[in-house]
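Only one structure is covered here, and it is reproduced in the block below.
The values are calculated or read from the model by the stated rules, or taken from the named source; none is laboratory data. Being a predicted model, the structure only gives us computed values, none of them experimental. Every residue, glycine as well, gets a Cβ built from its backbone with ideal geometry; the counts of neighbours run over all protein chains shown. The protein model used for the area step is the full one, side chains on, heavy atoms only, and it has no ligands, DNA or RNA in it. Shrake-Rupley method; radii C 1.70, N 1.55, O 1.52, S 1.80 Å.
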Amino acid sequence: LAEMLPMGEFLHGFLGADLMSASHGATFMYDFENRETNMWHIDLPFTLGIWRGVGMYPNGFAIESFIDEVAHAAGQDPIDFRLAHLDGVEEQSRRYREALIRVREESGWDEPTPESVGRGVAIIDDRATVCAAVIEVAVVDDQIKVQKVTHVTDPGIVVNPDGIRQQVEGCIMMGLSASIYEETVVENSQFNASNYHKYPMAMLLDSPPEINVILLEGSEKISGIGEPPIGPIAPAIANAVFDATGQRLRETPLQKGLAAV
């Protein structure tokens, strides 16, 4: 930015390196009296590129993992807690509530899970699209195995439902891979992953046995679909691991954190 624009140095310091990308998924819809948002700029010794969802992945993970922690600390059901703090009258609050209620119904949230299976929830919005997911995981031999994904997506007007479902399913698998396995490590100023033997990714064996995609039309406008559905995947998996094991994982990749506990 500093090299491209005449006022680049000023804008770099005022806006940060990539304000638009960094702010994706950072919307905080919950009605809390005390809240504050900060952004830090860190100079990295390598070139960055665009990743699906950009800031939405880390922002969604931080916000929805924290909300889950607060709900449990308050002794409340995680969905009930979210609904109780979405009392705004604006359209986006209404769409949040509708998505949470629908994902609760479709996922069997109020039914008991099988033994050793945990269930987690998360919701985000980006590009005016609201996405909520309930994910069930089993931890088998210290390995995270996603069993079921129920994903509710509200992109406004649904024009091509099959295309939307494909985008959502792609986001589910990409989010699963990134949140459980993927990590980039820099050693001696170089990336240590010369190939995939040092950069594990999800494989077909990691595909959840059950994926349910539910579409809502909560707005009279058309909004984005290529990136928003990835937002709730990482926090929903982490929240499900907590439900199954009592272990709160606050960093990704989750598999590495689980192994370290």
Whichever aspartates and glutamates have a C-alpha closer than 20 Å to that of Lys221, once near sequence neighbours (fewer than 8 apart) are set aside = Glu90, Glu91, Glu98, Asp125, Asp126, Asp154, Asp162
inquiry  = Based on alpha-carbon centroids, what's the gap between region 37-77 and region 227-249 in Å, whole number please?
reply    = 12 Å
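Under the definition of Cα pairs under 8 Å and six or more residues apart, what whole-number percent is the relative contact order of the chain? Kindly include the intermediate steps, with their values, before the conclusion.
Numbers: 452 pairs, mean separation 60.7, N = 261.
Averaging sequence separation for qualifying contacts and normalising by length gives 23 percent for the chain.
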Unit charges on C-beta of K, R, D, E only; dipole of region 24-72, Debye = 280 debye
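Taking 0.36 nm per intervening residue step and subtracting the Cα-Cα distance, what contour gain separates Ala260 from Val158 on full extension? All intermediate terms of the calculation are to be shown ahead of the outcome.
Working: separation 102, 0.36 × 102 = 36.72 nm, distance 4.31 nm.
Length difference between fully extended and current span is 32.4 nm.
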key: Accessible area (Å², 1.4 Å probe, nearest 10) - Glu227   = 30 Å²
ask   = So if R0 is 30 Å, what FRET efficiency would Ser207 and Glu115 give, r being the distance between their Cβ atoms, rounded to the nearest 0.05?
value = 0.85
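With contacts defined as alpha carbon pairs under 8 Å and 6 or more residues apart, what's the relative contact order of region 90-133 in percent?
Numbers: 25 pairs, mean separation 17.3, N = 44.
Once normalised by length, the contact order is 39 percent.
Given R₀ = 30 Å, FRET efficiency for Asp141-Ala62 by Cβ-Cβ distance, to 0.05?
Details: r = 29 Å, r/R0 = 0.96.
Calculated value: 0.55.
Rounded to the nearest 500, what is the chain's calculated 222 nm mean residue ellipticity when only DSSP H runs of at least 4 contribute -39500 (n - 2.57) each, over all residues? If you can, show how the numbers build up before the last one.
Numbers: 8 runs with 94 residues, N = 261.
Calculated mean residue ellipticity at 222 nm is -11000 deg cm²/dmol.
Span-like helices, the chain: DSSP H, alpha-carbon axial extent 20 Å or more, mean Kyte-Doolittle 0.0 or greater, which ones? Before the final figure, lay out each step's value.
Numbers: long enough: 56-73 (25 Å, 0.27); 91-107 (24 Å, -1.68); 161-180 (28 Å, 0.33).
Going by DSSP H runs, the hits are 56-73, 161-180.
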